[in-house]
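Below is one structure, written out as C-alpha cells; comments come after it.
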Amino acid sequence: MLPAVGVVAALLIGVAALREPTPPDFQASGQPRPLPAEGSMPAVDEAAFEGILVGLRGTPVVVNVWASWCAPCRTEMPLLQRAAENYRGEAVVLGVASKDDPGAARRFLDEFELTYPNVFDETGRIRVALGLTAYPTTYVFDRDGELISTVRGGISEQRLATLIEEALR
C-alpha cells in the first residue's frame, strides 16, 4: 500500500509541474505615463513601469522580461518583433531588460534591430513585482490591465499569437 501512495504522490507532483503557473497578484497602479518611444530603452523604476502599464489601459500589453546573456531570449526576440509589427494599433509589446548591463542590453536591441519599446529595470524591483523566476518570461495583460497569462521560459510564435488574440477579446 505504501508504494502505491508514493506513486500517486509522484503523479500529482508531476501534473502540478506541467500546469502553467498562476500569475502573480500584480496590478499596476499610479499615474499614467507615456509609452517610451519605439527603439528606445530608458531606465525606469517600478513606479514608472507601472505608470506605463496604467497609461496603456484599453490596449492589451505583452511584457517580455529579458537579458542579453539569456540564450532563449535571443531565440524569441525576432518573433516578438514580428508580433509588435503584426498587432500594431491593436496590442503593444513592451520589453523589460533586467539583471543586465545597460550597454550590453542596448547592443542586444541593436543586434536584433528591435524597434518595439523597451525599458531597463534599473533597480530590479520590476522583476520582483512581477514574480520573475526565469528568463525570459512573458506576461500578457488584457485591455483592463489585468494580468491574464504568464509564460516562463521561451515562447513560440503560435503561443504568443494565441495569447494576444485572447487578450484582444
Problem - Extreme residue, modelled with the highest pLDDT, among residues of region 85-115 that are of a type in the set (Ser, Thr, Tyr) and over 13 Å from the mean Cα position of the chain (by Cα) - result: 87
Exercise for the section: Go through (1) closer than 22 Å to residue 150 by Cβ; (2) in contact with a helix residue (DSSP H, G or I) (Cβ under 7 Å, 6 or more places away or on another chain) one by one and return the number of the condition residue 134 breaks. Expected result: (2)
Problem - Breaking point among (1) at pLDDT below 50; (2) surrounded by 12 or more Cβ atoms within 10 Å (Cβ to Cβ); (3) of a type outside the set (Asp, Glu), for residue 26 - result: (1)
Problem - Selection count where residues are among the basic types (Lys, Arg), under 26 Å from residue 145 (Cβ atoms) and either surrounded by 21 or more Cβ atoms within 10 Å (Cβ to Cβ) or free of Cβ contacts under 8 Å to residues at least 60 places away in the same chain (or both), scope region 71-125 - result: 2
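For the condition modelled with pLDDT under 95 and either farther than 19 Å from residue 130 by Cβ or in a helix (DSSP H, G or I) (or both), what is the one hit in 14, 58, 51?
Criteria check complete, one pass: 14.
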Fill in the blank from the handout: Restricted to region 104-123 and to residues being outside any loop (DSSP other than H, G, I, E, B) and of a type in the set (Asp, Glu), the residue farthest from residue 33 (Cα to Cα) is 111
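The values are calculated or read from the model by the stated rules, or taken from the named source; none is laboratory data. The model shown is predicted, which means the values in this text are computed figures rather than measured ones. Glycine also receives a Cβ, built like all others from the backbone with ideal geometry; neighbour counts cover every protein chain displayed.
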